[in-house]
1. Inspect all residues belonging to segment 43-61 and state whether any of them is surrounded by 16 or more Cβ atoms within 10 Å (Cβ to Cβ), among the hydrophobic types (A, V, I, L, M, F, W, C) and assigned to a strand (DSSP E or B).
2. Could you please give the count of residues in segment 68-88 that are buried (at least 16 other Cβ atoms within 10 Å of the Cβ) and without any contact (Cβ under 8 Å) to a residue 24 or more places away in the chain?
3. Go through segment 83-136 and tell me which strands (runs of 3 or more DSSP E), entirely inside it, have 2 or more residues that are closer than 20 Å to residue 44 by Cα, of a type in the set (Val, Ile, Thr) and more than 14 Å from the chain's Cα centre (by Cα).
4. Give the residue, chosen from 72, 57, that is closer than 17 Å to residue 122 by Cα, modelled with pLDDT of 60 or more, more than 12 Å from the chain's Cα centre (by Cα) and not polar (S, T, N, Q).
5. Looking at segment 108-115, can you tell me whether even one residue there is buried (at least 17 other Cβ atoms within 10 Å of the Cβ) and in contact (Cβ under 8 Å) with a residue 24 or more places away in the chain?
Amino acid sequence: MNKINKPNNITYILIIIFLVSVYSSCKKDENSNVLSKWKLIEQYSDPGDGSGDFNPVESDRTIEFMDNGIAVSNGSLCNMTLDANGTYSAIYNDSLIVTNDCDMENFTLHYQINSNVLIIWFPCIEGCAQKYAKID
């Protein structure tokens, strides 16, 4: 008959160390640096005939591009709301922002940066976008 050994204190300590290391690896990388920060200044909408234009908006909504490939916004990236009501994150590359915070997985936005202006294009039939100005 096999004898089952009772775990000793070292086993418990190793389990705790393992769990702490797994938990800390899942947390946001606090050592990442902000590459650029942007504030929402205008929104574009088109009625479907190509006559749309950017119009000024009042909003505290911002988005930050971090050096670890994460974009962090204080407003949902799922729609063109002006609200700054939480913390939302996404991954980005040189032309796309992809988030899983929306109803559909891998919700993708196209963006472009020209000098001190960031434009994020939302997937609309008629065309819609938000324009951000670079801050700090």
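The values are calculated or read from the model by the stated rules, or taken from the named source; none is laboratory data. Note that the structure is predicted; figures quoted are calculated from it, not measured. Every residue, glycine among them, receives a Cβ derived from its backbone with ideal geometry; neighbour counts consider all protein chains shown.
1. No.
2. Going through segment 68-88 one residue at a time, the tally reaches 4.
3. Details: elements: 88-92, 96-99, 107-114, 117-122, 128-135.
Ranges flagged: 117-122.
4. Numbers: 72 fails: more than 12 Å from the chain's Cα centre (by Cα).
Selected residue: 57, the only one of 72, 57 that is closer than 17 Å to residue 122 by Cα, modelled with pLDDT of 60 or more, more than 12 Å from the chain's Cα centre (by Cα) and not polar (S, T, N, Q).
5. Of all residues in segment 108-115, those buried (at least 17 other Cβ atoms within 10 Å of the Cβ) come to 109, 111.
Adding the requirement that they be in contact (Cβ under 8 Å) with a residue 24 or more places away in the chain leaves 109.
So far as segment 108-115 goes, yes, one or more of its residues are buried (at least 17 other Cβ atoms within 10 Å of the Cβ) and in contact (Cβ under 8 Å) with a residue 24 or more places away in the chain.
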